[in-house]
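As structure tokens, the structure follows; a few thoughts come after it.
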Amino acid sequence: MTVDRTKLATERVIGVAALVVAVLAPTLFSAFWLNSILTQALILGIGAASLIFLSAYGGMISLAQTGLMGIAGYALANMVTQRVPGGETKGLLLGWDPTVGLVAAILLTVGIGLVFGAVASRSYGIYFLMLTLTYTVIAFLFVGSVTLIGGFSPVAGVDTYTPGFIGDIVTDRERLYYITLITAVFVYLLVRYLVRTPFGVSLQGIRDEPVRMASLGYNVALHRTIAFGIGAFIAALAGVLSAWWFGQLSPTTMGLDATIQMLVIAVIGGLRRIEGAWLGAIAFLMINNEITNRIPSSGLPVIGGTFNTVIGFIFLAIVIVSPDGLMGLWDRMWDALRRRGGPPHAEPEGGEPAAVASS
Amino acid sequence: MKVGKWKLLLPLALLAVGATIGTSGALATPAQANEVRFAIMTDCKGAFAFGYEVDTAGTIAALSQYAGAKPKNKKKPSAGMTGGSAGGKRLNLVGIGCGDETPALALKETRRLMVQLRADIMLGPLSGDEAVSIAQWARQNPAKTVIIGTAGSQDPTMQIAPKNLFRYHGDGAQWNAGLGEIVYKRLGWRTAALIGDDYSFPWTSAAGIIADFCGIGGRITKRVWTPPAGGDYAPFIRQLPRPNQVDGYFWLVGGANTSAALTAFEQAYGPLNARQHSGNLFLYFLGANTTVAPRLVGAYMGGFGTFQTGGLKNAQARNYVRNASRWFTGQNVNDGFFYNYWNAAWAMVQGLNKSKGAVGPALQRALPRSLKPGFQVANKGVLRLDSRRQAIQDQYPLQITRASGEGTVSTSIVGYVPNVDQTFGGYFGPNKPAPGRNYPPCVKRKLPWQGKIKVVKNGVITNQVIK
Amino acid sequence: MAERIRAWGVVGTVPRALAAGLVVFAILYVLVIADPPDEFGGGNWRTTNTGSALDDPSTFLTTVLDGLTFAGLLFIVASGFSLIFGLMRVVNMAHGAFYLLGGYIAYEIQQRMTGSGFGLNPTEVNTLEWVVPWLVAMVCIGVFGLAVQQLLLRWNQGQDLRQALITIAVSVIVADQVIAHFPRTVPAGTQQFGGNAVSISWPGWTNRLVDLHVGGVTYSLSRLVMLALGAAVGLALFLWLHKTKTGMVIRAGVDDRQMTAAIGINIQTTFALAFLVGSALAAFGATVGGSQASIAQGRDGEWLLFSLVVVIIGGMGSLAGAAVGSVLYGLVFAFAVAYLPTTGNECCTQYSVVLTFALMALVLAFRPQGLFGRAA
């Protein structure tokens, strides 16, 4: 038991240390790192958190999160950008008040998420994965096809029309960083809180025993739908931040590559613990940045290929060695310590994690 | 506490290692005052991946010619360059961006090159939607300077037109100037349908064709836009009028799909008759010279404002070809990609020389408003920029011809369209929409070059006009 | 609680009725409601390119044929995907990457056989020069798939999400490597590698139109061959699974893995065989698809999506489901392009792809396991 307590304490120490580093980041890191690695990692982490929330507590591995992020971003961009000469050229350019637009974009995304969730609520495991993948594809094709709201050209200017309390994030990137950091902490606390509520507890019951929970009178489909709606809310936050960070929207941010990238981030971090979202995102971006700068053109030595080959092998190794990602590795390390330190435990050990093994 | 200290140390060590890696990447190398940092932005993935070496070759060749640089590897342009200075400062090529024709990646790469690697000038990008994206970025970053490499969308220098963005070549519409008139006069087309991919470059490309063809009195009876990921072209081809219902077809389907779309056409309506088909540069350039062009020998097509082989026979063109050919082996300097990046790099050198190596607004003021590129003939061979820093360029409609080798084809210049401006004499404009699925409308109107397109024979511009 | 569930049920029937209404409306629209366009391109919601089936029966017929022949190709690719899933519960997300690799292999072989064949006239290609590339590609990809299965998927059977993740990793690596190393044979002055577009040529004799003797419609022979190949694959798989001993073992394995193993049948050999055949079918499809359209980077994701959609509509692991899914997808796609309303120059062909994906969402909303699938 002491090991568990030590583990908890260690995690707390690391967590607080990470938070301190994050708060001090603007003074510690170069502007590029702050903006392109840390801010982006926090945003991708929020997106991955929406995926991990559904997977860890709802048993649903959703590939719709990138699609939902895109929907939120496109909704926002279409609502807030204005028609001015020499300005933006694509999208509806509705010119709404940015605060109204922000709220409306998030609400719209949650609404679409609830519809998606209701349709998918009766699918499980691998079916759920594929169905949610097609949601993202539909969003991608819809935005690409309907030139009124964008088409394949980029919709720009979303970062210049921000609500007053967000302020100028185009020139003041530190500001955007802190907004993102606050949102990430909020999402983390929200998920931690939600899973302790009665809803969260019954959701986890449904994850493990859907049939039994149904026979106990729980509305399984409704629970899963609402969980999906919450996931859509988190994804919407990530989508809005991503739109502000990127400044432009284009359908490829919802393409198959981006979708798989989000899954890779979540898997690298670990599909069972929410902390894995940000861990996976920062690991992914650091690898990406290092490799892109090191092998710019001629491809990898000997075998050829680009960053994708490297990340593919890393992904493969992680899925083979530790399907629960880095967080799973961490947990198993402590399990090993526990086995060494104390008497054998009655709990089931290591083996296959529920989220990945069953369907 | 029974746990040994090392059990806590391990994760902390991991954290330390992570932080070290992080900060090592985060530490910036100090900038040197005596250098100019610039970057090339092109594609290395996607349909235009082959542009990577060609674009880099064009850039480095021009810098070798005009700024004393030297290619590192004559066979592999992307190996980079050594030496080179302009305006008294050393030229530092900080990186070559690798896009995939999507705006998202182009923007990401732009940030990497211009922010992380701290370039002040960018030569690029390669394709239409990328340029829209980067123009929007440039608008927010007025201290950086962008000289478009070879992208053909209209918006960057028309509706968006930030002050720090320059383009020394035509857009997709300009590249097709004259084509509509030639098929109208030479082949007697009066009605035509067009089919293209559903994004900004084919729309812009179509706009040039529509302006010309409708301007002289032709009628576009159908526009079909094919979405990506369709898988099968047959149903789209059937949306086109049958061969006996129109005089001809304009093809604006690009990349991997041109050949598939033509196959679907053959399967629907039988063998292709080259007199009934025309299109933009997708029919010959960008790899289509082996898959598409051999099936359409004799067809008229738009281009780049350049030509693949057997080009213009005048001193300025010969001079360019001689200079440009010196630096790399296996590069076709007549290629539009090579030529456009060459001119962009050349303009950069002139600008830096004038600004004495200063970048930012000083460079933007100093960048030349006129250039003497190889294939400009009008105004005594001087190409001018308009007030939105967009080239007014000569155009050369082409015809696909059979070449000497078995099964190989080439192009020959059939016409000379002088001084094509981006607005087509007011047909397009900054306050009008960018070309779209249904814009511009098909209307008869006078274009500045209408009836003045000169016949080109064996690379020599004659005094006859096309009839 | 029970009342709430009932209330949920009542709410649930409303979308059902709506969906049924939509389907009926779409069929009626194509058959009778659609109008041909007037002379000057104006129109309303009823205006289509050619009008309804009654107005223009031959367009209707060719649209049906376009849909069916494309379905033949879809089925070849998707049946391999479905076979692997049906037996082993492995969603092979690398199926698209296998397609890409198979297509390039077939292209390289055909180039070697015909000499410099770029831009070659289809009539110059004889049957052998199409069949050999096709067979070689199938063998290569079959063996490659088998290796992937033995190395990466054998020791973790039953963990279907983990296996899907493994195949995603494989697909990322394979696709990237294919782009880095293909196409190898290119004409002088053209960029080698980089996943550029290449085409395989159909054998010359398919390059003509045949008169169907129905309403004066002529139709492409190569497209009819495509349909025939799809049907042949379907028939062969049916005979294999239902009339041979191996096939019965496979089907028994689908029904009850432990029991099959318990009565002494080596299920591992059967799994290996199924993966080999399933992968080989990706290469089969790629050869046909590369002849019909082209092989280029990006096709991998495209065909993975097509396979997913077809199999999700039809029901995972069901041969009949894959067939029905292919036909539905092919028809909806072809009809969406041809019969979405048009006004003026603006045609709605751009929206056809969205519609095919909407079809899938519709099916799944009411049958989560697909039309022919068993409850998950």
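The values are calculated or read from the model by the stated rules, or taken from the named source; none is laboratory data. Quantities reported herein were computed from a predicted structural model and do not represent experimental measurements. Please note: Cβ atoms are built from the backbone with ideal geometry, for glycine as well, and neighbour counts cover all protein chains shown. Remember, those area values only see protein heavy atoms, side chains included, never the ligands or the DNA or RNA. Shrake-Rupley method; radii C 1.70, N 1.55, O 1.52, S 1.80 Å.
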- Query: Are any residues in the stretch B:192-231 facing another protein chain (nearest Cβ under 10 Å), under 13 Å from residue C:350 (Cα atoms) and open to solvent by less than 20 Å² (accessible area, probe 1.4 Å), and if so, which ones?
  - Reply: B:195, B:197, B:198, B:223, B:224, B:225, B:226, B:227, B:230
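Report, by residue number, each residue of the stretch B:80-112 that is of a type in the set (A, V, I, L, M, F, W, C) and at the interface with another protein chain (Cβ under 8 Å from one of its Cβ atoms).
Initially, the stretch B:80-112 is screened for residues of a type in the set (A, V, I, L, M, F, W, C), giving B:81, B:86, B:91, B:93-94, B:96, B:98, B:104-107.
Within the stretch B:80-112, B:96, B:98, B:104, B:105, B:107 meet the criteria.
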- Query: So, in the stretch C:122-146, of the ones that are within 14 Å of another protein chain (Cβ to nearest Cβ) and surrounded by fewer than 18 Cβ atoms within 10 Å (Cβ to Cβ), which residue ends up modelled with the highest pLDDT?
  - Reply: C:124
- Message: So, in the stretch C:149-168, how many residues would count as being part of a helix (DSSP H, G or I), of a type outside the set (Ser, Thr, Tyr) and at pLDDT 85 or above?
- Response: 11
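Yes or no, residue by residue, for (1) open to solvent by 10 Å² or more (accessible area, probe 1.4 Å); (2) aliphatic (A, V, I, L, M); (3) out of contact with any Pro (no Cβ under 6 Å at 6 or more places or on another chain); (4) farther than 22 Å from residue A:49 by Cβ:
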| residue | (1), (2), (3), (4) |
| --- | --- |
| A:77 | no, yes, yes, yes |
| A:96 | yes, no, yes, yes |
| A:104 | yes, yes, yes, yes |
| A:108 | yes, yes, yes, no |
| A:118 | yes, yes, yes, yes |
| A:121 | no, no, yes, no |
| A:154 | no, no, no, yes |
- Query: Within the set of pairs 6+ apart or on separate chains, which have a first residue in the stretch B:151-164 that is without any contact (Cβ under 8 Å) to a residue 40 or more places away in the chain, a second that is assigned to a helix (DSSP H, G or I) and open to solvent by 10 Å² or more (accessible area, probe 1.4 Å), and C-beta atoms under 6 Å apart?
  - Reply: B:162/B:139
- Query: Quick one: is residue C:319 closer than 28 Å to residue C:140 by Cα, more than 10 Å from chain B (Cβ to nearest Cβ) and buried (at least 24 other Cβ atoms within 10 Å of the Cβ)?
  - Reply: no
- Inter-residue pairs, beta-carbon under 7 Å, first at the interface with another protein chain (Cβ under 7 Å from one of its Cβ atoms) and in the stretch A:112-125, second open to solvent by 10 Å² or more (accessible area, probe 1.4 Å) and polar (S, T, N, Q), 6+ apart: A:124/A:359; A:125/A:359
- Message: Can you say whether residue C:250 is over 14 Å from residue C:79 (Cβ atoms) and β-branched (Val, Ile, Thr), as far as the supplied structure shows?
- Response: no
- The one condition in (1) farther than 24 Å from residue B:416 by Cα; (2) buried (at least 24 other Cβ atoms within 10 Å of the Cβ) that residue B:344 fails to fulfil: (1)
- Query: Do we find that residue A:193 is of a type in the set (Ser, Thr, Tyr) and either assigned to a loop (DSSP other than H, G, I, E, B) or modelled with pLDDT under 95 (or both) in this structure?
  - Reply: no
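Does residue C:357 satisfy the condition of being open to solvent by less than 20 Å² (accessible area, probe 1.4 Å) and modelled with pLDDT of 90 or more?
Judged against the criteria, residue C:357 is not a match.
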- Within the stretch B:131-151, count every residue that is closer than 16 Å to residue B:340 by Cα and within 13 Å of chain A (Cβ to nearest Cβ). 2
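Residue under question is residue C:296, and the condition is that it be facing chain B (nearest Cβ under 9 Å), within 13 Å of residue C:104 (Cβ to Cβ) and touching a residue at least 12 places away in the same chain (Cβ under 8 Å); does it hold?
yes
Among the residues of the stretch B:113-129 satisfying the criterion of being within 9 Å of chain A (Cβ to nearest Cβ) and within 15 Å of the chain's Cα centre (by Cα), which is nearest to residue B:347 (Cα to Cα)?
B:128
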- Here are C:308, C:227: which of them is surrounded by 23 or more Cβ atoms within 10 Å (Cβ to Cβ), within 14 Å of chain B (Cβ to nearest Cβ) and closer than 30 Å to residue C:366 by Cα? C:308
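Condition check: part of a helix (DSSP H, G or I) and open to solvent by less than 40 Å² (accessible area, probe 1.4 Å). Does residue B:321 satisfy that?
Values: part of a helix (DSSP H, G or I): yes; open to solvent by less than 40 Å² (accessible area, probe 1.4 Å): no.
For residue B:321, the condition - part of a helix (DSSP H, G or I) and open to solvent by less than 40 Å² (accessible area, probe 1.4 Å) - is not met.
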- Task: Go through (1) more than 19 Å from residue C:52 (Cα to Cα); (2) modelled with pLDDT of 80 or more; (3) within 14 Å of chain B (Cβ to nearest Cβ); (4) open to solvent by less than 10 Å² (accessible area, probe 1.4 Å) and name the single condition residue C:336 misses.
- Result: (1)
- Note on the structure: Taking the stretch A:79-94 and keeping residues in contact (Cβ under 8 Å) with a residue 24 or more places away in the chain and either open to solvent by less than 10 Å² (accessible area, probe 1.4 Å) or touching a Lys or Arg at 6+ places or on another chain (Cβ under 8 Å) (or both) leaves A:80, A:81, A:87
- Within the stretch B:246-284, restricting attention to residues that are among the hydroxyl-bearing types (Ser, Thr, Tyr) and in contact (Cβ under 8 Å) with a residue 40 or more places away in the chain, which residue is surrounded by the most Cβ atoms within 10 Å (Cβ to Cβ)? B:278
- Which number in (1) within 14 Å of chain B (Cβ to nearest Cβ); (2) among the β-branched types (Val, Ile, Thr); (3) out of contact with any strand residue (DSSP E or B) (no Cβ under 8 Å at 6 or more places or on another chain) marks the one condition that residue A:80 misses? (1)
- Item | Residue satisfying all of: in the stretch C:208-242; of a type outside the set (A, V, I, L, M, F, W, C) and in a helix (DSSP H, G or I); farthest from the chain's Cα centre (by Cα) among these | C:242
- Message: Checking residue C:95 against (1) of a type outside the set (Asp, Glu); (2) closer than 26 Å to residue C:253 by Cβ; (3) within 10 Å of another protein chain (Cβ to nearest Cβ): exactly one of these is not met. Which one?
- Response: (3)
- Message: I'm trying to understand the selection: among the residues of the stretch C:107-121, which are modelled with pLDDT of 85 or more and among the aliphatic types (A, V, I, L, M)?
- Response: C:109, C:113
- Item | Test: residue in the stretch B:285-292 that is among the aromatic types (Phe, Trp, Tyr), outside the structural domain of residue B:101 (by TED's automatic domain parsing), assigned to a strand (DSSP E or B) and closer than 24 Å to residue B:413 by Cβ | no
- Where residue B:331 falls short, out of the listed (1) within 30 Å of residue B:74 (Cα to Cα); (2) touching a helix residue (DSSP H, G or I) at 6+ places or on another chain (Cβ under 6 Å); (3) in the same structural domain as residue B:211 (by TED's automatic domain parsing): (3)
- What number of residues in the stretch C:43-74 are within 13 Å of another protein chain (Cβ to nearest Cβ) and either part of a helix (DSSP H, G or I) or among the aromatic types (Phe, Trp, Tyr) (or both)? 17
